[in-house]
Structures are given as C-alpha cells and as structure tokens.
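A short write-up of the structure that comes next.
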Amino acid sequence: MIDKELQKQITALVSDRKIETAEKLLISYVEQNPYDIEGWNRLIILETLVPIQDYEQASDFARTALYYHQNNLLYFLLILSFTPWYKGELDAELVEQAEEIQREADPEMASIISLLLADHYQSNDKAHYEFLLKRSIEYYPYIVRNYTDLGQHYMGYGKKELGKKMIKKGLSNVKFVYIDGEEDDYDELDIIRYINEMITGVFATEYSHRELEKMMEG
C-alpha cells in the first residue's frame, strides 16, 4: 500500500482480531485510492476472514478492483473461487467468461482457470471434471491441486496406483509447508499467499500435507 503506516495499522488490527475495524479503514482507503492495487488486495482477502467471511462482498470488491486494474487476472481467479461459496455454483455466464479469458491467458493462469472450472463440474459431470484437471496439468504442470484432485478422482474409481502417482507428483510441487506454531510471518491479507494456499495448493498446512501423504501410504 502507498500508505505504509495505515498498512501497519491494518496488520495490527487483524492480528488483534479487530477485523471489522480494519475493514472500515480499508474500504475508506480504496475509495480514496482506487488505483492502489495493494489496498484492494488486502481488502478482498480481509472479507474471507472470520467473523466476516462474506464471499459475495469479496467478489463485489474483486469486480470493482478489476474495473480499476483490468489486467490483473488474479481478481478474476478470486471471483471464480469465491462465487460457489455464496451461490453454490458458477453461473453459465461466468463459465463462458472464464473459458474466453483462458484462451488468451498465460499458461499458469490458464491452468488455474481450468482447475477452478473443474471444481464446477465435479459433482455433475465426472468425465468433464477429469478432462479439465488433465488440461490444467497440460497448461502448467507446476501447481499441486490439479494433480492431487485428479489422484483422488482416480482412487475413487479403483485406480489406486495411478492415483498415488498423481498425488506424489502434486506433493513434489509444494513449495512451502506451514508448520504448526511457527507462523510468525504469516500474512493473512497477502493475496498471493491466499491463492497459493487456498486455490493452487502450492502452499500447504502441515495437516493437509500429512493427509495427502497418508493417501499414498494406503
């Protein structure tokens, strides 16, 4: 953020769990500084924290941020990720928009879009779900959840060894594991941290990493 003192104040408020106070300050800040991308980043992620956890509001902020920062597709990824939390699923218009953006996106962005679209089809079209996970890997074979989700999909259909192979490959792409009790530098409002932890799986909690390792042992 341009206002570094305010950023420190926001960080302290979040640390003290005064989330609503931090929210008011950030909303006021982005209204006055709509071209400060970091202000939007921190406000959007703040909306995902307890006790707010308002994914619809987070999506609305992401859309507004995208208006001012049209080339920042991270905001579109977050909209794709947040929407099922409050709507239950992606609507047809958003799916179509995702497919259009994917055609012009760089390989990593295209891969993540394919992963998020796969989530949309998981419950009602298993064949397309599998196709999209494979396509995500083809676009960019360096994230985690496309492999681990595909591995669990295979194991659900009795393809145990193939599933283990996929999970092993996904785990090899993990870049950072949060160790319980050693999270002093954990920035709850870091948009890249959020995407790597909650969407791609490149960052993993100690618990989630251990659970995936157990799948390879079974």
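The values are calculated or read from the model by the stated rules, or taken from the named source; none is laboratory data. Small disclaimer: the values here were computed from a predicted structure and weren't measured. With ideal geometry, Cβ positions are generated from the backbone for all residues, glycine too; neighbour counts draw on all protein chains shown. To get the accessible areas, we keep the full protein, side chains included, count just its heavy atoms, and leave off ligands, DNA and RNA. Shrake-Rupley method; radii C 1.70, N 1.55, O 1.52, S 1.80 Å.
Could you list all residues from the range 1-36 that are of a type in the set (Phe, Trp, Tyr) and assigned to a loop (DSSP other than H, G, I, E, B)? Of everything in the range 1-36, just one residue is of a type in the set (Phe, Trp, Tyr) and assigned to a loop (DSSP other than H, G, I, E, B), namely Tyr35.
Would you pick out the residues in the range 170-189 that are within 25 Å of Tyr75 (Cα to Cα), open to solvent by less than 80 Å² (accessible area, probe 1.4 Å) and outside any helix (DSSP H, G or I)? Scanning the range 170-189 gives Asn173, Val174, Val177, Tyr178, Tyr186, Asp187, Glu188, Leu189. Scanning the range 23-44 for residues that are crowded, with 19+ Cβ neighbours inside 10 Å and touching an Asp or Glu at 6+ places or on another chain (Cβ under 9 Å) gives Glu23, Tyr29, Val30, Gly39, Asn41, Arg42, Leu43. When Ile192, Ile199, Ile167 are checked against the criterion of being surrounded by fewer than 17 Cβ atoms within 10 Å (Cβ to Cβ) and assigned to a helix (DSSP H, G or I), Ile192 stands alone in meeting it.
Quick check on the range 60-75. Is at least one of its residues of a type in the set (Asp, Glu), within 25 Å of Leu26 (Cα to Cα) and free of Cβ contacts under 8 Å to residues at least 40 places away in the same chain? Show your work before the answer.
Our first condition is that a residue be of a type in the set (Asp, Glu); within the range 60-75, this holds for 60.
Those still in the list that are within 25 Å of Leu26 (Cα to Cα) too: 60.
So of that shortlist, the ones also free of Cβ contacts under 8 Å to residues at least 40 places away in the same chain come out as 60.
Yes: one or more hits.
For the residues Arg103, Arg135, the requirement of being farther than 18 Å from Gly201 by Cα, free of Cβ contacts under 8 Å to residues at least 40 places away in the same chain, among the basic types (Lys, Arg) and part of a helix (DSSP H, G or I) singles out Arg103. State all residues of the range 45-56 that are farther than 14 Å from Thr11 by Cβ and either free of Cβ contacts under 8 Å to residues at least 12 places away in the same chain or surrounded by 15 or more Cβ atoms within 10 Å (Cβ to Cβ) (or both); if no residue qualifies, say none. Within the range 45-56, Glu47, Thr48, Ile52, Gln53, Asp54, Tyr55 meet the criteria. Say whether the condition of being closer than 26 Å to Ala58 by Cβ, touching a helix residue (DSSP H, G or I) at 6+ places or on another chain (Cβ under 7 Å) and of a type in the set (Ser, Thr, Tyr) is met by at least one residue in the range 189-207. Checked against the condition, which is being closer than 26 Å to Ala58 by Cβ, touching a helix residue (DSSP H, G or I) at 6+ places or on another chain (Cβ under 7 Å) and of a type in the set (Ser, Thr, Tyr), the range 189-207 yields at least one hit.
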